[in-house]
1. Taking only DSSP H segments of four or more residues, each worth -39500 (n - 2.57), what value at 222 nm results for the chain once the sum is divided by all its residues, to the nearest 500 deg cm²/dmol?
2. Tell me, in nm to one decimal, what length is gained between I61 and K163 on full extension, where the rule is 0.36 nm per residue of separation less the Cα-Cα distance?
3. Under DSSP H, which helices of the chain have Cα atoms covering 27 Å or more of the helix axis and a Kyte-Doolittle average no less than 0.5?
4. Placing +1 on the Cβ of each Lys and Arg and -1 on the Cβ of each Asp and Glu in the chain, which of T9, N74, V123 has its Cα farthest towards the positive end of the resulting dipole?
5. If R₀ is 30 angstrom, what is the calculated FRET efficiency for the pair A72 and I109, using the beta carbon separation as r and rounding to 0.05?
6. Which aspartates and glutamates, if any, have their Cα less than 20 Å from the Cα of K75, not counting same-chain residues under 8 positions apart?
7. Return the FRET efficiency for the residue pair V191, L31: r is the Cβ-Cβ distance, R0 is 45 Å, and the value is rounded to the nearest 0.05.
8. Could you grab the relative contact order for the range 51-185? Cα pairs under 8 Å, six or more apart, rounded to a whole percent.
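What follows is calculated from the coordinates using simple rules that are stated; it is not laboratory data. None of the values given here were measured: they were computed from a predicted structure. Cβ coordinates were reconstructed from backbone atoms using ideal geometry, including for glycine residues, and neighbour counts include every protein chain displayed.
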Amino acid sequence: KKRLKSSPTLEKAVRIIIETYMSGGRVSEILDSLSTTLMTLQETEKERKSSLKQYVSAMYIISFVFIGVIVAINKLMIPIFQTAVSTPESVIGISGDNPCNFCIYGFTIECLPCNIYSEICSVFSIEKASISCYYFALFFCMSIIQAICGGLVAGQIGEGSVKAGFKHAIILLSITIAVFMILVKLKVIGV
C-alpha cells in the first residue's frame with residue numbers, strides 16, 4: 001500500500017484494473033493499453049526533464065555572465081570616476097568619492113544601504129571611503145539578488161517547484177560569494 005500511495009500513476013493504474021475487473025471488462029486489453037500509456041508517459045517525462053535541463057543550465061550560465069559583466073564594468077567605470085575628481089566635471093556632480101561617505105557615521109533610514117555596503121566592504125577588507133567600496137558592494141548585492149532569483153527560477157523550471165529552487169539558489173549563492181572572494185584576493189575587483 002505504501003508503494004501505491006507514493007506513486008499516483010501506479011495508484012491510478014491499479015484502480016483502473018480493479019474497476020475493469022469488477023465491471024466484467026477484458027483485463028488483458030486494459031493491461032496492454034495501460035502498459036503502452038505508462039511507457040509513453042515515462043518517455044515523455046524523460047524528454048521533458050532533458051529539455052528543461054538546458055534552461056536550468058542557462059540560469060547558471062547567466063550568473064557567470066552577470067559576474068563577468070560586473071568585472072568588466074568595475075574595471076572600466078571605477079577608473080573613470082577616480083580620474084573625474086581632478087577634472088572640471090566633478091563640480092557638476094560627477095565625483096570620484098564614495099557617495100556613501102556622508103553616511104559612514106549615520107544610522108538613518110536613508111543611510112541603510114550605505115551601512116550595508118560599508119559592512120560588505122569590511123567583510124572583504126576593502127577601504128570603506130573609496131569609490132571602489134561603493135561599486136563593489138553595489139555589484140555584490142546585485143549578484144546576490146540575481147543568484148537567489150536565478151536559483152528559484154531554475155528550480156521552478158527544472159523541477160516544477162519553487163521549493164526545489166532553494167537548492168539551486170544556495171548553490172548559485174555559494175558560487176557567487178566564492179567568485180567574489182577570489183576576485184578580491186586576486187585584486188581584480190574592489191581595489
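1. Values: 6 runs with 143 residues, N = 191.
Using -39500 (n - 2.57) per qualifying helix, the result is -26500 deg cm²/dmol.
2. Numbers: separation 102, 0.36 × 102 = 36.72 nm, distance 2.11 nm.
Taking 0.36 nm per residue and subtracting the Cα distance, the gain is 34.6 nm.
3. On the way: long enough: 27-83 (83 Å, 0.56); 131-159 (41 Å, 1.42); 162-185 (34 Å, 1.78).
Passing helices, by number: 27-83, 131-159, 162-185.
4. T9
5. Working: r = 33 Å, r/R0 = 1.10.
Efficiency computed from Cβ-Cβ geometry: 0.35.
6. Reachable aspartates and glutamates: D97, E127.
7. Values: r = 70 Å, r/R0 = 1.56.
Between V191 and L31 the formula returns 0.05.
8. The value is 25 percent.
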